[in-house]
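Before any comments, here is the structure.
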Amino acid sequence: MKIKTLLLTAVILSAFIVSCVPARQMQDEKARREKAESELATMRADFDKMSATSTELNEKIATMNKQLTALERDTTITGISLRKMTSQYDKVNSLYEELNSKYEQLLRMNASETQKISTELQLTQEQLSIKEAELKKLENELNLRKQNLDQMQADLLLKEKRITELESIINKKDSVMKELRNKLTIALKGFENNGLTIIEKDGKIYVSLDESLLFASGSWTVNAKGKDAIMKLSNVLADNPDIYIMVEGHTDNVPYKGSGQVKDNWDLSVMRATSVTKIILDNKGVNPQRITSAGRGEYFPIDPASNSEARQKNRRTEIILTPNMDEFMKILNNQ
């Protein structure tokens, strides 16, 4: 606005001078006017430049105002955060002072209380050592028991194996004795229930021959019928070499009045057992090592009564057949 006023004044003065001064002065005035116009042009150029600069400065001022506003806002937020941090710091500092106070209080604990805690700690350590020793002892006992258990399990497995073997032998023995019983029944078919009986008891076979089938009263000489029965029986025994043979002679309780070497029932029972044994051994298929003879006299009666019927039952010769149990006994003895 100030520059425009100056320009207007210059124009008015130029017109006044042109109308009032002479030619020389007109020239001078013209020169001054041209100079003034030149200066005016320069001033206009400067004005335009200053206007542009002013606009640029206004824009920078506006930008700086915005930045100032943002900075003031950030400063406000920062101030709030700072106040919060200050408050938190005050709380932390207060808590620290409280903890420090308690720590100092702990440091000022009574010496006796400290000693008590130390004593209790030492006692606890001693008890712990005792417990550790007991635990070690229990661990050793447990290991020993485990070893014993392992040994017992091994022994049990071995016993189970032996039991299985024994059961197999017993089953085999039962099968053999059953087959032997059938063979004897077939071989002695004409004699069974005619003075001869076959029974199976306690794993053995008992062939019982009445006195009437073998001997005359008071004699130990086997008659023909009895000899036939014994020979048929010996054939079956020859085919079964694993069977042991016991021949037992039995009498009744009537006293025997003999002479020479046969004086009583003992002697008579022995002689009768021996006579039957010799007939069995006439079969060369029967090994003499398999057979045993024994006299039982009157002391193993079937019927203890003292009547004629009981005495007749008791006068007998028994051939007891037993399976070979050597394998069985070998397993038992190895246990």
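Please go through segment 150-184 and pick out each residue that is closer than 21 Å to residue 202 by Cβ, acidic (Asp, Glu) and in contact (Cβ under 8 Å) with a residue 24 or more places away in the chain. Don't jump to the end; show me each part of the working.
Within segment 150-184, the first condition is being closer than 21 Å to residue 202 by Cβ, and the residues that meet it are 163, 166-184.
The next check asks that each one be acidic (Asp, Glu); those that pass are 167, 174, 179.
If the condition is that a residue be closer than 21 Å to residue 202 by Cβ, acidic (Asp, Glu) and in contact (Cβ under 8 Å) with a residue 24 or more places away in the chain, then 174 is the only one that fits.
Going by the conditions given, is residue 222 surrounded by fewer than 16 Cβ atoms within 10 Å (Cβ to Cβ), under 27 Å from residue 289 (Cβ atoms) and of a type in the set (Val, Ile, Thr)?
Values: surrounded by fewer than 16 Cβ atoms within 10 Å (Cβ to Cβ): no; under 27 Å from residue 289 (Cβ atoms): yes; of a type in the set (Val, Ile, Thr): yes.
Answer is no for this residue.
For residue 296, the requirement of being surrounded by 15 or more Cβ atoms within 10 Å (Cβ to Cβ) and part of a strand (DSSP E or B) is met.
When the residues of segment 190-218 are filtered to those that are farther than 24 Å from residue 256 by Cα and of a type in the set (Asp, Glu), the one that is nearest to the chain's Cα centre (by Cα) is 202. Do we have residue 278 as outside any helix (DSSP H, G or I) and either over 13 Å from residue 209 (Cβ atoms) or of a type in the set (A, V, I, L, M) (or both) here? Against the criterion (outside any helix (DSSP H, G or I) and either over 13 Å from residue 209 (Cβ atoms) or of a type in the set (A, V, I, L, M) (or both)), residue 278 does not qualify.
Values quoted throughout were computed directly from the atomic coordinates according to the rules given, and no laboratory measurement underlies them. In this text the structure is predicted, and so the values were computed from the model without any measurement. Counting neighbours? That spans all protein chains shown, and the Cβs are built from the backbone with ideal geometry, glycine included.
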